[in-house]
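The values are calculated or read from the model by the stated rules, or taken from the named source; none is laboratory data. All values derive from a computational prediction rather than experimental measurement. Every residue, glycine among them, receives a Cβ derived from its backbone with ideal geometry; neighbour counts consider all protein chains shown.
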Amino acid sequence: MIRPAVPHEIPRLADIWLRASLRAHDFIPAAFWESCREPMASDHLPGAEELLVLEVEGRVIGFAALNGERLEALFIDPEVQSYGHGSLLMAHAMAHHARLSLCVFSRNVRAVSFYRRLGFQVVEERIEPLTGEPETLMAWQR
């Protein structure tokens with residue numbers, strides 16, 4: 001079930017974000033991700049215009065955070081990745097928006113491929129200022 005997040009779920013979402021970020025971005029020091037956990041839990045997730053969770057059998061296993069037409073975050077618990085859960089969240093977001101944009105680390109080849117399969121196109125390659133890592137701006141339009 002996809003539904004809006006409730007405030008008491010933010011710590012669980014921040015935990016999913018941290019574990020998934022560490023796994024997907026091993027080219028960035030773990031200390032960076034760990035230092036971002038608190039701002040993620042206190043500012044970024046609660047500040048999203050739309051914060052959707054994917055709940056399976058009573059357990060929150062992933063989320064999507066959107067601000068307008070910008071997908072700020074899409075994370076699935078690493079324990080249950082590769083079962084189509086991210087595609088479910090994206091299908092929901094795409095059904096409710098005429099266009100979406102996002103940034104993804106270019107070295108996260110798995111994520112870049114995932115978004116390409118969904119119809120996202122590369123708009124721009126640039127450097128993400130906090131990490132100095134290349135990132136890819138992607139966009140989709142219905």
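Within the range 1-44, being over 18 Å from I76 (Cα atoms) and among the acidic types (D, E) holds for E38, D43. Inspect the range 4-22 for any residue being assigned to a strand (DSSP E or B) and under 25 Å from W140 (Cα atoms) and give the result as yes or no. Yes, there is a match, as at least one residue in the range 4-22 is assigned to a strand (DSSP E or B) and under 25 Å from W140 (Cα atoms).
Among strands (runs of 3 or more DSSP E) entirely within the range 51-142, having at least 2 residues that are among the polar types (S, T, N, Q) and modelled with pLDDT of 95 or more singles out 134-141. When L102, L74 are checked against the criterion of being crowded, with 16+ Cβ neighbours inside 10 Å, under 27 Å from P29 (Cα atoms), of a type in the set (A, V, I, L, M, F, W, C) and touching a Lys or Arg at 6+ places or on another chain (Cβ under 8 Å), L102 stands alone in meeting it. Figure legend. Inter-residue proximity from the range 76-101: first residues on the phi > 0 side of the Ramachandran plot, second residues part of a helix (DSSP H, G or I) and surrounded by 15 or more Cβ atoms within 10 Å (Cβ to Cβ), beta-carbon distance below 9 Å, spacing 6+ or different chains. No pairs are indicated. Taken over the range 19-55, the residue count meeting the criterion of being more than 15 Å from the chain's Cα centre (by Cα) and either without any contact (Cβ under 8 Å) to a residue 40 or more places away in the chain or exposed (fewer than 12 other Cβ atoms within 10 Å of the Cβ) (or both) is 11.
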